[in-house]
Amino acid sequence: MTIRLPGPGGSLRDYTPRAEPASFTTGAPLVSRTVFSAAHVVADPLADPGPDVAAVDWDATLAFRRHLWAHGLGVAEAMDTAQRGMGLDWAGAAELIRRSTAEAKSAGGAIACGVGTDQLSGPATLAEVRAAYEEQLALVEGTGAQAILMASRALAAAASGPEDYLDVYGHLLRQASEPVILHWLGPMFDPALEGYWGSPDLDAATETFLDVIAAHPDKVDGIKVSLLDARREVELRRRLPRGVRCYTGDDYNYPELIAGDEQGFSHALLGIFDPLGPLAAEAVRVLDTGDTAKFRELLDPTVELSRHLFETPTRFYKTGVVLLAWLAGHQSHFAMVGGLQSARPLPHLARAYELADGLGLFPDPALAETRMKTLLSVYGVDQ
């Protein structure tokens, strides 16, 4: 059986899907690395909540988190993978955090939740930015989840230089009851974050970032770096105070960064581990045994899919993530909050299907093929 997929220049080509999925184990805890998957939300396609209001299918959304926990991964909740700031507003994110942390306690799963300032609309003062962070930090800590201090569009717009970042983050870290994860999201993921930490020069920004950590090392569990620059991440993690972890957010170079070198390694907090969950967990279990070569053998082939999903404009990677969740049977439809399923063209989606199928990511390849053919037919591609 073959499926006709869009090719270069509007052509069609035949692809033969694999007959059997890859086999992955579940249950055994991960030991050598702390690994979080930034998880997507499942939209409710039948709801009509009105404009600019996110309708979430809570049952399917929480079921997907149980899937990740079952494979030993932690869940990074209400991050950009969950369309935070791209369809999911603060009210929706707050509900997501409350529901997911309750589910984590029931399932015995690890969870960390994003703290931002997205309840603000329009220009804000530094005092208003700080208050918005405080509100969200209180909610996350009140649920018992670990906090991830996310990069703030409002702070990027309000700050006049590095000293404003030092002041705002210093205040928040002093208030935090438990060590947090600091999140540095690059402008390739969100153009509004250009010049974060007070400078468009990444070397200067890095110094400010390190100054924040150095002033409060007891309040920083780790940093999550999403700059898609492996060299810069390695150099940064080597300068971290003892006990402060580096969680890679580099969806282009994660195998080498997690494997590490003679001077250290990165843990992981990755959007690509949403579709790769079972495979990624299997690879880390192999790494737990000390077999770095086998770890790379398992994870290196996934990079082509990841780089495809995260290609420019990178912020639309969520579309491919949700497509693969639908094809894998984790949800009954390919609809997204805010209609973001239309953010990528058909050839991009077809290539994502092909790469994921080649990796054996679909538990039921026949179901994935049928659903992909259905999508193709909507675009006028007959089989």
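The values are calculated or read from the model by the stated rules, or taken from the named source; none is laboratory data. All figures in this text were calculated on a predicted structure; none of them were measured in a lab. Because the Cβ atoms are built from the backbone with ideal geometry, glycine has one as well, and the counts that use them run over all protein chains shown. For accessibility, only protein heavy atoms count, side chains too; no ligands or nucleic acids. Shrake-Rupley method; radii C 1.70, N 1.55, O 1.52, S 1.80 Å.
Taking Asp211, Asp251, Asp48 in turn, the Gaussian network model of the chain (Cα-Cα springs below 10 Å) assigns the largest fluctuation to Asp48. Within the chain, DSSP assigns beta bridges of which about 20% are antiparallel (rounded to the nearest 5). Let me make sure I get this right: for segment 1-154, a, b and c are the square roots of the gyration tensor eigenvalues over alpha carbons, sorted descending. Under 1.5 in a/c it's rounded, otherwise prolate if a/b > b/c, else oblate. Which is it? Cα axes put segment 1-154 in the oblate bin.
Couplings 3J(HN,Hα) for segment 194-209, derived from phi with the Karplus relation 6.51 cos²θ - 1.76 cosθ + 1.60 (θ = phi - 60°), are 4, x, 4, 6, x, 7, x, 7, 5, 5, 5, 4, 4, 5, 5, 4 Hz, where x marks Gly and Pro.
With 0.36 nm allotted per residue and the present C-alpha distance subtracted, the Asp291-Glu135 stretch has 51.7 nm of extension available. Projecting the Cα atoms of Ala93, Thr81, Ser106 onto the charge dipole of segment 71-159, computed from C-beta unit charges around the Cα centre, puts Ser106 farthest toward the positive end. Exposure check, 1.4 Å probe, all protein chains in place: Ser100 carries approximately 0 Å² of accessible surface. Charge dipole of segment 1-125 (Cα centre as origin; +1 on each Lys and Arg Cβ, -1 on each Asp and Glu Cβ, all else neutral): 540 debye, rounded to the nearest 20. Among the listed pairs Lys105/Lys373; Lys224/Lys294; Lys219/Lys294; Lys224/Lys373; Lys105/Lys219, which are separated by more than 28 Å between their Cα atoms? Violating the 28 Å Cα-Cα cut-off are Lys105/Lys373; Lys219/Lys294; Lys224/Lys373. Taking a sphere under 14 Å around the Cβ of Pro6 and counting the other residues whose Cβ falls inside, with K and R at +1 and D and E at -1, yields a net charge of +2.
The helix-based estimate of mean residue ellipticity at 222 nm for the chain, built from -39,500 (n - 2.57) per DSSP H run of four or more residues and divided by its residue count, is -13000 deg cm²/dmol to the nearest 500. Quick note on the chain: its Rg to Rh ratio, both from C-alpha atoms and Rh being the Kirkwood radius, is 0.96. Neighbours of Ala127, meaning other residues whose beta-carbon lies under 14 angstrom from its beta-carbon, give a summed charge of -4 when Lys and Arg score +1 and Asp and Glu score -1. The Cβ shell under 15 Å around Asp221 holds other residues with a net charge of +3, Lys and Arg each +1, Asp and Glu each -1. Inter-part distance, segment 123-147 to segment 178-230, computed on C-alpha centroids, equals 18 Å.
All Cα-Cα distances of segment 236-302, cut into 10 Å bins from zero to the largest, leave 21, 55, 23, 1 percent in each bin in turn. How much of the DSSP bridge set in segment 1-128 is antiparallel, in percent, rounded to the nearest 5? If I count the DSSP bridges inside segment 1-128, around 40 percent turn out antiparallel. Remark: relative contact order (the chain) = 20 percent; criterion is Cα-Cα distance under 8 angstrom and separation of 6 or more residues. Tell me, what % of the accessible area of segment 82-148 is carbon and sulfur with a 1.4 angstrom probe? In segment 82-148, the share of accessible area belonging to carbon and sulfur is 52 percent. Probing with 1.4 Å while keeping every protein chain in the model, the per residue accessible area of the chain equals 39 Å². Taking 0.36 nm per residue of separation and subtracting the Cα-Cα distance, full extension of the segment from Asp203 to Asp167 would add 11.0 nm. Within the listed set Gln263, Gln119, Gln83, the Gaussian network model of the chain (springs between alpha-carbon atoms below 10 Å) gives the highest mean-square fluctuation for Gln263. Build a GNM of the chain with springs between Cα atoms under 10 Å apart, and of Gly142, Gly116, Gly195 the one that fluctuates most is Gly142.
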